[in-house]
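Here the structure comes first, spelled out in structure tokens, and everything after it is commentary.
The values are calculated or read from the model by the stated rules, or taken from the named source; none is laboratory data. In this text the structure is predicted, and so the values were computed from the model without any measurement. Here Cβ is always computed from backbone atoms with ideal geometry, including for glycine, and neighbour counts include all displayed protein chains. For the accessible areas, the whole protein counts, side chains as well, though only heavy atoms, and no ligand, DNA or RNA atoms are used. Shrake-Rupley method; radii C 1.70, N 1.55, O 1.52, S 1.80 Å.
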Amino acid sequence: FVQFTRDMREETLLRSLIACLVLLGGVPWAVTSDNMKTITLGRDAQNQPIWHPTFQKFAAEFGFHPSLCSPGAGNQKGSVENLVKFVKGNFLLGRRFHDDLELAQATTQWLHRVNCVRMNQAPAQIPSALLADEQRHFTPLPAAAHDYGFFDSVLVNRESLVHIAANRYSVPAHLVGHTLTARIHLERIELFDGLDRVAT
């Protein structure tokens, strides 16, 4: 799975991961990543990951075990970085794209070739055949996968407005000073005071 984005925000990362899981048709037991700030805030005294709260909630809702490369294990970090090198060296190297549409079309064609046509050297199998075997062990996607809403906490100001991603949204005036829970979907935002939805 390859997806090109214009930023590295938390929401962008997790929406890309959702797109990958939807394409895979399920959720694997573990998802391993590099030690990015959008996933981990560091390590505690026992050297255990301090998960970014949004990522931790996301992992719990989708039902996978979050896993990180160990900082001292070069082979783990290398296996993650080698996937990026593979895309750069085998797809992007020496190519130019007129626009995002051309990039997306070329990516789809290249992914079909490397996933469904080309033999993988290590197991001597086509990757899509290996995936079909792995999919039997996946858990189903949660119902919210196609309309997932990320959580955030927002404070209602004196003008009964909340600020989310450089935009302002109004809520009922009696909520001034309250901290609300925002559920940020792809095309809408829902605001909750406790369990009560107060604005959409």
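Summary table
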{"item": "Given (1) closer than 25 Å to Arg9 by Cα; (2) open to solvent by 100 Å² or more (accessible area, probe 1.4 Å), number of the condition Thr181 does not satisfy", "result": "(2)"}
{"item": "All positions within segment 6-17 that are surrounded by fewer than 13 Cβ atoms within 10 Å (Cβ to Cβ) and either aliphatic (A, V, I, L, M) or more than 13 Å from the chain's Cα centre (by Cα) (or both)", "result": "Arg6, Met8"}
{"item": "Subset of segment 149-169 (residues that are more than 23 Å from Pro53 (Cβ to Cβ), assigned to a strand (DSSP E or B) and not basic (Lys, Arg))", "result": "Leu161"}
{"item": "Test for Val117: is it aliphatic (A, V, I, L, M) and modelled with pLDDT under 90", "result": "no"}
{"item": "Test: residue in segment 160-173 that is crowded, with 16+ Cβ neighbours inside 10 Å and at positive phi", "result": "yes"}
